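Structure first, then comments.
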Amino acid sequence: QISDNGIAHLPTGLKTLNLRKCSGVTNKGIESLPPHLTDLNLTFCNQISDSGIAHLPTGLKKLNLCDCKKVENEYLKFLPPHLTELNLSFCYQISDNEIAHLPTGLKKLNLYGCSKVTDKGIQSLPPHLIELDLGYCSKINDNGIAHLPAGLKKLNLWGCSGVTNKGIESLPPH
């Protein structure tokens, strides 16, 4: 089992790191991550909380926080500014307020199962998204769909029971 002690001994030149299901990694371990990481998977790392987000390497481009149940609110404004891909699926505490603080350069965003996100949050999505997963964001309806970024190439609305044909018709034609 990898823990914070192991993280402290990772090679400093490491670019990609997968710590999926490493439940021994805490916010302290996040502070010791190699500084040049560009791709980090923390899926099911349930000891990581909001304060750990503030210590992520600033050069990260791809971050997976799927099912990190302690990642909640205020610290998402400290996400690395150059992120292009972010997975927040099953981070149940994520709400509209946090969407407004996401890095503006995001291209791919996964909010699957973030059931607190509403149409208001959709209006604050980063403008350059090309992929968006809103699966089971059950509080989204046609009004939110009308505010999706125009450049989307891939969209998942599975389980969004409030979205109807009217909402789909409001999508940009490109």
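The values are calculated or read from the model by the stated rules, or taken from the named source; none is laboratory data. Only a predicted model underlies this, so the values are computations on that prediction, with no experimental measurement involved. Using ideal geometry, Cβ is built from the backbone for each residue, glycine included, and neighbour counts are taken over all protein chains shown. Surface areas here come from the heavy atoms of the whole protein model, side chains and all, with no ligands, DNA or RNA. Shrake-Rupley method; radii C 1.70, N 1.55, O 1.52, S 1.80 Å.
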Item checked: Selected residue [assigned to a loop (DSSP other than H, G, I, E, B), open to solvent by less than 20 Å² (accessible area, probe 1.4 Å) and not polar (S, T, N, Q)] from Gly159, Gly113 -> Gly113
Check: Would it be correct to say that Thr38 is touching a residue at least 24 places away in the same chain (Cβ under 8 Å), of a type in the set (S, T, N, Q) and touching a strand residue (DSSP E or B) at 6+ places or on another chain (Cβ under 9 Å)?
Finding: yes
Margin query: What pairs come out if I take residues in region 80-109 that are farther than 22 Å from Arg20 by Cβ and pair them with residues that are assigned to a helix (DSSP H, G or I) and of a type in the set (A, V, I, L, M) whose C-beta lies under 6 Å away, six or more apart or interchain?
Written below: Glu98/Leu76; His101/Leu76
Notebook entry, point to check: Is it true that some residue in region 30-44 is surrounded by fewer than 16 Cβ atoms within 10 Å (Cβ to Cβ) and either at positive phi or in a helix (DSSP H, G or I) (or both)?
Noted result: yes
Next item on the list: Test Ile145 against the stated conditions and say whether it is touching a residue at least 12 places away in the same chain (Cβ under 8 Å), among the aliphatic types (A, V, I, L, M) and surrounded by fewer than 19 Cβ atoms within 10 Å (Cβ to Cβ).
Entry: no
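Any idea how many residues of region 72-88 are assigned to a loop (DSSP other than H, G, I, E, B) and either of a type in the set (A, V, I, L, M) or crowded, with 22+ Cβ neighbours inside 10 Å (or both)?
Going through region 72-88 one residue at a time, the tally reaches 3.
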